[in-house]
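Derivation of every value follows stated rules applied to the coordinates shown; laboratory data play no part. These numbers come from a predicted model, not from an experiment. In this analysis, Cβ positions are derived from the backbone assuming ideal geometry, glycine residues included, and neighbour counts consider all displayed protein chains.
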Amino acid sequence: MTGMIIALTGTPGTGKTTVCEFIKEHSQYRDKYRIIDLHKLILDEKIYTGRDEMRDTYIADMDRLRKRVAELIEQTPVGMDTIIEGHISHYLAADIIIVLRASPVALRKRLGKRREYSYEKIKENSDAEALDVILVESVETGRKVFEINTTDMNLISVVKSVIEIIESVKKGKVPEEYLPGKNNWIEQVEL
Ligand SMILES: Nc1ncnc2c1ncn2[C@@H]1O[C@H](COP(=O)(O)OP(=O)(O)OP(=O)(O)O)[C@@H](O)[C@H]1O
Ligand SMILES: [Mg+2]
């Protein structure tokens, strides 16, 4: 029996990789949750159809990605859950979707530290966050969706929230605190 499959998604800069690195570095988590890093997988195995030069990104080959991720999930050891990490993970099959959120203002600060990110790219992402783009896409899948507002949270609290959501769903409970729709950042769209 495969364990639970969790899609950990969110606008670039919301902290998905940081959370997963923490899980990988701590044995009490590492032994329970296997991480699939979509960005790394797509680049390492060239699972793309081409490049989007305007956005300076690769265009993922979703059919191949779905198949490859399904294969990897089959290899997840018994007793472990799989966390699929990446801003397109909500398009893959999963039992639940966890969306990491950060206020557009906070996101601009976090992305501003990325040398390779242009002003336009930062604006595109912070506006998408203000408009709830990934949250809406996630809800539209019809799967169970939860969101964590990381704006004023430190890394450990975010990790604990991710684990809390997973473990309560496994027990058949609904972690009400994380049900979507609690943020309103529409006024932080940059005009
Ligand atoms: N809870 C947090 N509070 C403040 N800063 C954070 C928090 N989590 C992550 N960061 C910082 O935000 C930046 C982006 O984090 P990270 O690379 O984990 O985002 P990501 O969601 O994986 O983005 P991408 O989709 O581009 O891979 C990093 O500089 C990280 O240190
Ligand atoms: Mg990342």
For this session: Please name all residue pairs, on different chains or six or more residues apart, with Cβ atoms under 7 Å, provided the first residue is in the stretch 19-39 and is closer than 20 Å to residue 101 by Cβ and the second residue is of a type in the set (Phe, Trp, Tyr).
Result: 23/29; 23/33
Exercise. With respect to residue 2, is the statement that it is of a type in the set (S, T, N, Q), assigned to a loop (DSSP other than H, G, I, E, B), in contact (Cβ under 8 Å) with a residue 12 or more places away in the chain and more than 16 Å from ligand 2 (Cβ to nearest atom) true?
Worked result: yes
Exercise. Which numbered condition trips up residue 48, out of (1) more than 16 Å from ligand 2 (Cβ to nearest atom); (2) under 14 Å from the mean Cα position of the chain (by Cα)?
Worked result: (2)
For this session: Could you figure out which of (1) among the acidic types (Asp, Glu); (2) surrounded by 14 or more Cβ atoms within 10 Å (Cβ to Cβ); (3) away from ligand 2 (no atom under 13 Å from the Cβ) isn't true of residue 37?
Result: (3)
Problem set entry | Top-ranked residue in the stretch 30-42 [being away from ligand 1 (no atom under 16 Å from the Cβ) and outside any strand (DSSP E or B); ranked as farthest from residue 3 (Cα to Cα)] | 30
Problem set entry | Condition check for residue 98: at negative phi, in a helix (DSSP H, G or I) and in contact (Cβ under 8 Å) with a residue 24 or more places away in the chain | no
For this session: Mind listing just one residue for me: the one in the stretch 61-96 that is within 16 Å of ligand 2 (Cβ to nearest atom) and closer than 19 Å to residue 167 by Cβ and, of those, nearest to the chain's Cα centre (by Cα)?
Result: 85
Exercise. Looking only at the stretch 43-77, which residues are in a loop (DSSP other than H, G, I, E, B) and surrounded by fewer than 14 Cβ atoms within 10 Å (Cβ to Cβ)?
Worked result: 45, 46, 53, 54, 55, 56, 75, 77
Exercise. Any idea which residue in the stretch 101-138 is nearest to ligand 2 (Cβ to nearest atom), counting only those that are under 17 Å from the mean Cα position of the chain (by Cα) and in a loop (DSSP other than H, G, I, E, B)?
Worked result: 102
Seminar exercise, completed: Taking the stretch 120-152 and the residues there that are surrounded by 22 or more Cβ atoms within 10 Å (Cβ to Cβ) and hydroxyl-bearing (Ser, Thr, Tyr), the one that is nearest to ligand 1 (Cβ to nearest atom) would be 150
Exercise. Looking only at residues in the stretch 12-29 that are part of a loop (DSSP other than H, G, I, E, B) and within 7 Å of ligand 1 (Cβ to nearest atom), which one is nearest to residue 108 (Cα to Cα)?
Worked result: 13
Exercise. Which condition number does residue 117 fail, the rest of (1) over 29 Å from residue 26 (Cα atoms); (2) of a type outside the set (A, V, I, L, M); (3) surrounded by fewer than 16 Cβ atoms within 10 Å (Cβ to Cβ); (4) without any contact (Cβ under 8 Å) to a residue 12 or more places away in the chain being met?
Worked result: (3)
Seminar exercise, completed: Residue count, the stretch 58-90, condition touching a residue at least 24 places away in the same chain (Cβ under 8 Å) and within 16 Å of ligand 1 (Cβ to nearest atom), comes to 10
